[in-house]
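The values are calculated or read from the model by the stated rules, or taken from the named source; none is laboratory data. All figures in this text were calculated on a predicted structure; none of them were measured in a lab. As a convention, Cβ positions derive from the backbone with ideal geometry for all residues, glycine included, and neighbour counts pool all protein chains shown.
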Amino acid sequence: MRLVLIAVVVIVVAAVGGVLAIGSQPTAEDVAVRVGSKTAGIFLNLRNNGLLPDCVVGVEAYGEGKEGRVQLTAELHTTVMEGNVMRMVKVDRVCVGPLSVVKMRGAEGEGYHVMVFGDVEKVSVFHVYLKLESGKVVHFHVMATEGSQMGGMHESHSHG
């Protein structure tokens, strides 16, 4: 009986260790940008292929344009309706559960998005770094295109 109990404890410890070793595995998918005169909205699907939840707790961004590097400020925002008025509100975190996706697509998703401030009209490529509670960083870049001002994702990877 004692051997069975020891075997069960070893299996449980190994399973918990495996979950912690895998942790969160965040990635950014289907990224797009909408550029205004002094702000840009960056929209994405934040996917977690890991077995633990994680939260975006910070964001940094800079741009590249014809004149070189463009310094930008970035914040996590959500979209809220107050009466008939849509308003953007800064949030401190965006959490994604294990094996799930948060659609950071503004009003078309779960309300969340990355809001970028600065000389965004001078930017042709936005570089974004999502900083997670786990210490991981998801970096991606997205190109601003002419016309509709929508861009497609070109790269995403995690550091951690």
In this structure, is Lys66 over 19 Å from Val31 (Cα atoms), exposed (fewer than 13 other Cβ atoms within 10 Å of the Cβ) and at pLDDT 95 or above? no
Looking only at the stretch 25-38, and only at residues there that are of a type in the set (S, T, N, Q) and at pLDDT 95 or above, the one that is nearest to Met143 (Cα to Cα): Thr27
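Looking at this structure, is Leu46 at pLDDT 95 or above, within 12 Å of the chain's Cα centre (by Cα) and not aromatic (Phe, Trp, Tyr)?
Values: at pLDDT 95 or above: yes; within 12 Å of the chain's Cα centre (by Cα): yes; not aromatic (Phe, Trp, Tyr): yes.
So Leu46 fits the description; yes.
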For the stretch 79-160, give me every one of the strands (runs of 3 or more DSSP E) that falls completely inside it and has 3 or more residues that are within 15 Å of the chain's Cα centre (by Cα), at pLDDT below 90 and surrounded by fewer than 16 Cβ atoms within 10 Å (Cβ to Cβ). 153-159
